[in-house]
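This is the structure I want to talk about, given as C-alpha cells.
The values are calculated or read from the model by the stated rules, or taken from the named source; none is laboratory data. Nothing here was measured: the structure is a model prediction, and the numbers come from that model. Each accessible area value is taken on the protein alone, full model and side chains, heavy atoms only, with ligands, DNA and RNA left out. Shrake-Rupley method; radii C 1.70, N 1.55, O 1.52, S 1.80 Å.
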Amino acid sequence: MAAVLKKLKQQAPAMAEQGVSAADLQSIIDAEPTADCASTDRFNFTPINIRHSFPPHATPDELRRFSKDKSWLLRSILQSRTCEDILGEFQLAFLVILVGQNFCGIEHWKRILHLVLGSAEVLGDARVVETVVVPVLRCFMSQLRVCPHEFVASVLEQDNFVAEILQEFVLNVYESGGGLDPEIARLRAVLKMFDW
C-alpha cells in the first residue's frame with residue numbers, strides 16, 4: 001500500500017494536468033484502504049491475494065509454478081505474520097462465518113485454506129509443515145466436526161471449492177513423500193461424516 005501511495009504522490013503533477021484536482025488526489029491518498037467487503041464488515045484480516053502468488057519480477061517459469069503452488073505467497077506472509085497469526089485468523093474467520101454468516105469471513109477462510117493447503121513446495125519444509133500446515137489442517141477438521149450438516153452443504157460445499165483444494169492437498173502430500181499420512185487418514189475419517 002505504501003508503494004501505491006508513493007507512486008500516487010509522484011504522479012500528482014501529471015494527474016493534475018489531466019484534470020484531477022488536488023483535493024481529489026489528497027482524498028485518494030488519505031483514504032483508508034478498503035477490504036473486499038463493505039466497510040461495516042471489515043475485520044482487518046491479513047491481505048492474501050491468492051491470484052498474485054508469485055514474486056515481483058517473476059520469470060515465466062516462476063509465474064507458472066507459483067500460480068498453482070502457493071508456497072511463495074505463504075513464505076512471504078510468514079515473513080510478516082507468525083504461524084499463530086495465520087491459525088488465529090483462520091479460526092476467527094470460521095467463527096465469523098458460523099456465528100455471523102458474514103461474507104468477509106468465508107472469503108478469508110477460503111483464502112487461508114487455499115494458501116496453506118495449496119502450498120506444495122513447503123511440504124518439504126518440516127518446520128512449516130509442523131507449525132502451519134498441520135495446525136491449520138487439524139483446525140479445519142475440528143471446524144468440520146462442529147458444523148451442522150446443512151451449513152456444510154450450503155456454505156462450505158459452494159462451488160466445490162473445499163473438495164478441490166482437499167484433492168489437490170492430498171495429491172501434493174503423496175507427491176512429496178507421504179509424510180502426512182496419519183493426518184490424511186484423520187481427514188478421510190472426518191470427510192466420511194459428510195459423504196465426501
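Near the amide H of K70, under 5 Å away, which other amide H atoms are found, from residues 5 or more places off or on another chain, if H is placed in the peptide plane?
Sorted by chain and number, the residues that satisfy this are S119, A120.
I would also like to ask the following. Counting alpha carbon pairs within less than 8 Å and at least 6 residues apart, what relative contact order, in whole percent, applies to the range 74-143?
33
Sort E175, E183 by heavy-atom solvent-accessible area, probe 1.4 angstrom, most to least.
Putting E175, E183 in descending order of accessible area: E175, E183.
Whole-Hz ³J(HN,Hα) for each residue in the range 184-196, computed from phi via Karplus 6.51 cos²θ - 1.76 cosθ + 1.60 with θ = phi - 60°, x for glycine and proline: what do you get?
Values per residue, Gly and Pro as x: 5, 4, 5, 4, 4, 5, 5, 5, 5, 4, 10, 6, 8 Hz.
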